[in-house]
Structure formats: structure tokens, C-alpha cells
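These notes concern the structure reproduced below.
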Amino acid sequence: MKFSSFARCLRELESTASRKEMVGILAELLKRSSEEEVGKICYLCLGRLAPVYRSVEFNVAEKTMLKVLSFSFGVREDEVRSRYKKLGDLGSVAELLRGEYRGAGRGGDLEVAEVYNELLRIARDSGAGSQERKVHSLAALLRKLSPLGVRYCARIPLGQLRLGFSDVTLIEALAVMVGGGKEEVKFIRQKFNIRPDVGEIVRVIKLHGLEGLKEVGVEIGTPILPALAERMPTMEKIVEKLGEFAVEPKMDGIRLQIHLNKAVNGQPLVDSLESQRELFNEQGSKKESPGALVCIFSRRLDDVTDMFPDVVAAVQKLPVDSAIMDGEAIAYNPDTEEFLPFQETMKRKRKYNVAQKAAELPLKVFLFDLLFLNGKSLLETAFGERRRLLEKLVLDGNLLMAARHTKVNSARKLKKLFDLYISEGLEGVMCKRLDSPYQAGARNFNWVKYKRSAEGVGLPDTVDGLVMGYYAGRGQRAKFGVGAFLAGVFNPQKDRFETIAKVGTGLTDDQWREFSRRVGPLEVKAKPAEYCVAKELECDAWLRPGLVVEIDADEVTCSPVHTAARGLNIVRTGAENGAGLSLRFPRLVRFRDKLPEEATTVEEIMEMYRMQQT
Ligand code: AMP
């Protein structure tokens, strides 16, 4: 497919707010694409070059893009900047400049795959002089595209090509492409949960149909979407609901999914990574020490292997051929034997001075699940059995240990453990059904969390809200440029964000400063298409989806202005018809390391609302 034809499709997608239309356009686009290019097309229309867990970063800032455009189309940089000020989008500036350009190097039209390959090459260029080379290569590439093609191509290195949909919509389009309905969407989504790479999934479907997708299973080196926990209002209800269950401490650290693949006679036992390695050779951060390949993924599926050399070394010593483990890392003070607060643990998530911080802030990794062992997936194995196998792993106890785990059958015992863990400075408890499979990406009652915040007044849990925009600051806040922000929750049925709170309290001066720093690169001129916001809540500045924060509040209430869950069946819970839900007295707790689509969902908010009513 020619890039200009692809760009016309992106324009259609950009100009509609109807999800049904988006699904139709995408299904048609996927149908028209060849087997070789369809994966690349999937990544590109999500504004990426690879699945989220392969970090292919351009490191191209807006300032660099101004240079690229100036160089590409022979226009002075200050002229580019002033056009940018007027239009507010570098893609549109690029399109205009390309339209006016009459100079040399203008090309006809490239194939999508050619553009993709060149973008990947540019992204992977690193080291001395790479910034200069990137400017030149991008400039040459843009000159070869049509004006409309340039609009979209220029936004990709900036990370600004969000067309109002995510993987969720793309999966629906895939089902439509094969003439399927709800069942097919469910099936594809299940596969996506264990292989979160739409590019790969669409390629398999193109080649072998849905039948072929059945063969797709867990793969070492590809993260599985983590299982998630539900909430319940009281300990009695938890006991009633779960039947036979185990209690583990809920630690407030960083979730790590650890993959280990040992070699036997120099050959990795499971070597499904080959094709990916080829593609991401220079970028991939897999550690290949003699015979043991370890990769570590964060909860949002980032490859964080390089940040935890101490964990890599400990995992390499495990006496197994291959394994995937789920656990929580928490910083620890060996002198006082105390766990450190979340903010301290977060300091281990860094790209530089890794070894120094590892020495300053040693970790304990509490493993709480085993998803794959010696070449076999354990996802369907009951948790009680997975736990038994985990305990046999011979963990060193210094860094790697199994999370404490106690079988419980009464609210009294549960309360005792809860009090114990709280007294140790932990967050609460996780209650897990012993007969449950590991359901990747699912939030259900196989796991129930009960946190300190659930005791007494307030919400049963905090809410992870997407920061959608902010309001200018007055008085004391004027110095930060922000007075309050608008937070939203995710509606996966509609693949959009709905508002739940305007938050102006809970932030220290330092947090306001951090807020300003974090939102800067996310600012966009107009309200993103996937935001559903009432007129009364229009922001002074809009932000593209990127920042998720944890919010506490007193309760969930009905709201005439907020759009969360509006139109859904909250009526039976007593909410007024047509009202949405909102948070009363919302306050910021902290910044979260989550993807926008991992924000709390409208269903969860409805559930919290119902819990309050009982
Ligand atoms: P939340 O982020 O509040 O939904 O809680 C789920 C998170 O708790 C998981 O993503 C883990 O990072 C963390 N966690 C801490 N301890 C455990 C445990 N024993 N089992 C599962 N998750 C845990």
C-alpha cells in the first residue's frame, strides 16, 4: 500500500468521533493490506513502531522537529516556529510546508513498509552524532512523501499520533475484518492478553485465520498482561465470596514480571525470540549472560531489565530451564529490616546510575505467582498448585522470596493478618482463590484486594484517573501555572475517557511542580477525540492521554456534569437518570506508572458506587 493511500485513511479516522465508523475504516484498511505490511500498518496507526513492550524510542523532541522541518523544506527555523504557534500542531505545519515546497528531493510516493523501515532505522540510530543524523534522515524522508503523508509521518517521532483509539478498537476491527462479532472480539482479546502485540495477531489472522490464532500461546520474552484484583467492602463479604482462599500481604512496590530462559548446551531451550531479536537487535535489552536470558517487564509492559541488574543476577541462578514469575519488588533497609515507602522503591526505576542506586536501595522481590515453568504454560493450572510449584523454586531469600501466603477460612483470621501487615507498613491484603486459573489482563474475584483505605470512611479503594487537562492557576497557584486538573476514567466499551473529578487539592508544592513538568510534553491544542467532557468542564489546556494519577476521595456520588458511566445502567443503583458519577472531595495521592487504558474503568466506579449503597 502506498503511504499516501494510508494517510487518506488516517485522515478519515481523524475526522470521525464515531467509534463504529472507526472500526469500519480500520477493518477495511486491514483487509486491503498485504500480509507483509499489515503488522506495520497496525503499529503505525497507533503511532508506534512496535508493540508497547519493545521500547523503540525516537528521542525526537519538538525542538528537533522544528529543525527537521526547517532543513527539509528550506524555511527558516523561526518561520517554522511561528507557524507552529499559530497552528499548534507540528504535523499540520509540516503538511503546509511540504505543500509549498518546490525544491529538490521531492519524491513520488513511498510504500508504507518503506516508510516504516526508514522510521525504525532512524529510531534505532544511537550514539555519537545520532541527533544530527536523525535530523537529516527525517528531513529526507518527509520530502519524499505527499503533504498529507507528511502530516502523519511527522507526528510519529514526536509520539503525537493519537487518532482517538487504542488497541481496543483495533481488536474490534480485526474481528469485523474476518466477519465476526462479539464472540470473536472476546477470543482475540483473550489472545491479546497473553500476546499483547496486535501487529503479530493480525499477521497470524491474515495468514491462518482465527484457527491459526488458537495456536498462539504464552511465549518467553513476551509479557503477559498482569492479572488484576477486585475490591469488596468488608472482610465478611470476602470470606463469603471466595470460599477456599489464601491471604498474602499487599506490598506497595513495583510489579515485576520476570522471564527466565536458560540454555541447555549453549542453546536456549525455548527460542521463540529469534524473529524479534532480528528486528530489535540493537534496541532490545535482553541480557544474555552465558546461557541464561532474563527479561523483566513492568506492569505497563515496559522492558525494565536494565534497571534491575541485581534481580537479573539472582534469577539467573534459579535451578530451572525456563520460567515466568509474577512478583512485587520493594526497597528495603537491611539495617533496620524495614520496607521503604513506594517513592523510595520508585527511585530504582531509572536509566542512569543504575548500579549506584541498586547498592543504595537494595530490593526484595516477593514472588507471588508462577505462570510458566520448564516450557509449559501454567495459566490454566489452579493457583494452589502454581503456588506449590513456586515454593519449590529454591529462592535465595536475600533478594528473591515467595510472598507470605496463608490459607484462611474466616473473617477473624483475615482481620488478624490484615492488622499484622498494616503494622509492618504494608498496604493491606490480597485474597486469592486457590482453585482459580491465572486470568491475564482480567480484573475479577479470583483476587480481591483489601487496603487500609477500605477501613473506616472513604472509598473502598483509590481511583487511578487519567489527567485530561488542567485549569490555569490563580493566587498562590499562579506560580505553577495550574490550579486544578480534570481527571477521567476509562470506558473500554467505547474506547474513550469519561470525566470523574476536578482535582485541586492534595498536591504539595513539589507535586505541583512535578505536575507542570509532566504535563508539558502532553499538551495539545484541541480536546482529544476520545475525551467525553461536558461544556461546563472545558479545560484551559488539554493533554493527550499520558499521565495517570492516583486519587483518593470521600465517596462516589451522582453528578449532573461529569460523564463517567453516563448512560449506563446505574439507574438500578439509585442514581438519577442521565447523571454520571463523580468523586466527592477528590485529592491527589501520587503519580502512577500506568498506561492511559489502565486507568480505573467506569465499571469499577459503578461497582464502588454500589458498594457504598449496601
Ligand atoms: P492495585 O494496583 O491497587 O489494583 O493492586 C494490584 C497491585 O498490587 C498489583 O499490580 C501488584 O503490583 C500489587 N501487589 C502487591 N502485593 C501483591 C500480591 N501479594 N499479589 C498480587 N499483587 C500484589
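The values are calculated or read from the model by the stated rules, or taken from the named source; none is laboratory data. Every value quoted in this text rests on a predicted model; they were computed, and no experiment measured them. Quick reminder, even Gly has a Cβ in these numbers, built from the backbone with ideal geometry, and neighbours come from all protein chains shown.
If we scan region 60-71, do we find a residue that is closer than 18 Å to residue 153 by Cβ, modelled with pLDDT under 95 and not in a helix (DSSP H, G or I)?
yes
Identify, by number, the condition in (1) under 30 Å from residue 464 (Cβ atoms); (2) modelled with pLDDT under 95; (3) touching a Leu at 6+ places or on another chain (Cβ under 9 Å) that residue 233 doesn't meet.
(3)
Counting only residues that are away from the ligand (no atom under 12 Å from the Cβ), modelled with pLDDT of 95 or more and hydrophobic (A, V, I, L, M, F, W, C), how many does region 447-472 have?
3
Can you find even one residue in region 59-76 that is within 30 Å of residue 194 (Cα to Cα) and assigned by TED's automatic domain parsing to the domain that holds residue 9?
Yes; the residues of region 59-76 include at least one that is within 30 Å of residue 194 (Cα to Cα) and assigned by TED's automatic domain parsing to the domain that holds residue 9.
Among the residues of region 409-432, which ones are at pLDDT below 95, within 13 Å of the ligand (Cβ to nearest atom) and either more than 20 Å from residue 330 (Cα to Cα) or hydroxyl-bearing (Ser, Thr, Tyr) (or both)?
421
Does residue 406 satisfy the condition of being touching a helix residue (DSSP H, G or I) at 6+ places or on another chain (Cβ under 9 Å), outside the structural domain of residue 524 (by TED's automatic domain parsing), more than 15 Å from the ligand (Cβ to nearest atom) and over 24 Å from residue 344 (Cβ atoms)?
no
In this structure, is residue 205 assigned to a helix (DSSP H, G or I), of a type in the set (Val, Ile, Thr) and more than 22 Å from residue 379 (Cβ to Cβ)?
When the stated conditions are applied, residue 205 does not pass them.
Output the residues belonging to region 345-368 that are charged (D, E, K, R) and either within 16 Å of the ligand (Cβ to nearest atom) or closer than 22 Å to residue 405 by Cα (or both).
348, 349, 364
Out of region 317-329, which residues are touching a Lys or Arg at 6+ places or on another chain (Cβ under 6 Å) and within 16 Å of the ligand (Cβ to nearest atom)?
Within region 317-329, 328 is the sole residue that qualifies.
Determine whether residue 403 is under 28 Å from the mean Cα position of the chain (by Cα), closer than 17 Å to residue 368 by Cβ and at pLDDT 95 or above.
When the stated conditions are applied, residue 403 passes them.
In region 600-611, is there at least one residue being part of a loop (DSSP other than H, G, I, E, B), under 19 Å from the mean Cα position of the chain (by Cα) and modelled with pLDDT of 95 or more?
The answer is yes, given that some residue of region 600-611 is part of a loop (DSSP other than H, G, I, E, B), under 19 Å from the mean Cα position of the chain (by Cα) and modelled with pLDDT of 95 or more.
Could you identify the single residue in 331, 323, 355 that is in a helix (DSSP H, G or I) and assigned by TED's automatic domain parsing to the domain that holds residue 379?
Answer to the selection: 355.
Restricting attention to region 203-259, which residues are aliphatic (A, V, I, L, M) and within 26 Å of residue 339 (Cα to Cα)?
Correct list: 227, 228, 229, 235, 246, 247, 251, 254, 256, 258.
Tell me, which residue of region 1-30 that is at pLDDT below 95 and of a type in the set (Lys, Arg) is farthest from residue 163 (Cα to Cα)?
Looking at residues that are at pLDDT below 95 and of a type in the set (Lys, Arg), I get 20.
If residue 226 passes every condition in (1) over 30 Å from residue 173 (Cβ atoms); (2) within 16 Å of the ligand (Cβ to nearest atom) but one, which one does it miss?
So residue 226 meets the others, but not (1).
With respect to residue 233, determine if the residue is within 16 Å of the ligand (Cβ to nearest atom), under 22 Å from residue 43 (Cα atoms) and part of a loop (DSSP other than H, G, I, E, B).
no
Can you pull out every residue in region 485-528 that is surrounded by 19 or more Cβ atoms within 10 Å (Cβ to Cβ) and modelled with pLDDT under 90?
If the condition is that a residue be surrounded by 19 or more Cβ atoms within 10 Å (Cβ to Cβ) and modelled with pLDDT under 90, then 507, 512 are the ones that fit.
The rows are residues; the columns are (1) in contact with a strand residue (DSSP E or B) (Cβ under 7 Å, 6 or more places away or on another chain); (2) free of Cβ contacts under 8 Å to residues at least 40 places away in the same chain; (3) not hydrophobic (A, V, I, L, M, F, W, C).
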| residue | (1), (2), (3) |
| --- | --- |
| 517 | no, yes, yes |
| 525 | no, no, yes |
| 529 | no, no, no |
| 539 | yes, no, no |
| 587 | yes, no, yes |
| 590 | yes, no, yes |
| 594 | yes, no, yes |
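Which of the following residues is within 16 Å of the ligand (Cβ to nearest atom) and either in contact (Cβ under 8 Å) with a residue 40 or more places away in the chain or of a type in the set (Ser, Thr, Tyr) (or both): 220, 238?
Going through 220, 238 in turn, just one is within 16 Å of the ligand (Cβ to nearest atom) and either in contact (Cβ under 8 Å) with a residue 40 or more places away in the chain or of a type in the set (Ser, Thr, Tyr) (or both): 238.
Taking into account only those residues within region 243-258 that are surrounded by 24 or more Cβ atoms within 10 Å (Cβ to Cβ) and more than 10 Å from the ligand (Cβ to nearest atom), which is nearest to residue 407 (Cα to Cα)?
Residue satisfying both the conditions and the ranking: 245.
Counting only residues that are away from the ligand (no atom under 12 Å from the Cβ) and assigned to a helix (DSSP H, G or I), how many does region 334-344 have?
Residues in region 334-344 being away from the ligand (no atom under 12 Å from the Cβ) and assigned to a helix (DSSP H, G or I): 2 in total.
Which of the residues spanning region 174-192 are under 22 Å from residue 498 (Cβ atoms) and not charged (D, E, K, R)?
Across region 174-192, the qualifying residue is only 185.
So which pairs qualify, if the first residue must be in region 365-387 and touching a residue at least 24 places away in the same chain (Cβ under 8 Å), the second must be among the small types (Gly, Ala, Ser) and within 11 Å of the ligand (Cβ to nearest atom), the Cβ gap must be under 6 Å, and the two must be at least 6 apart or on different chains?
Between residues of region 365-387 that are touching a residue at least 24 places away in the same chain (Cβ under 8 Å) and residues that are among the small types (Gly, Ala, Ser) and within 11 Å of the ligand (Cβ to nearest atom), the close pairs are 365/327; 365/329; 366/327; 366/403; 367/327; 367/402; 368/327; 368/403.
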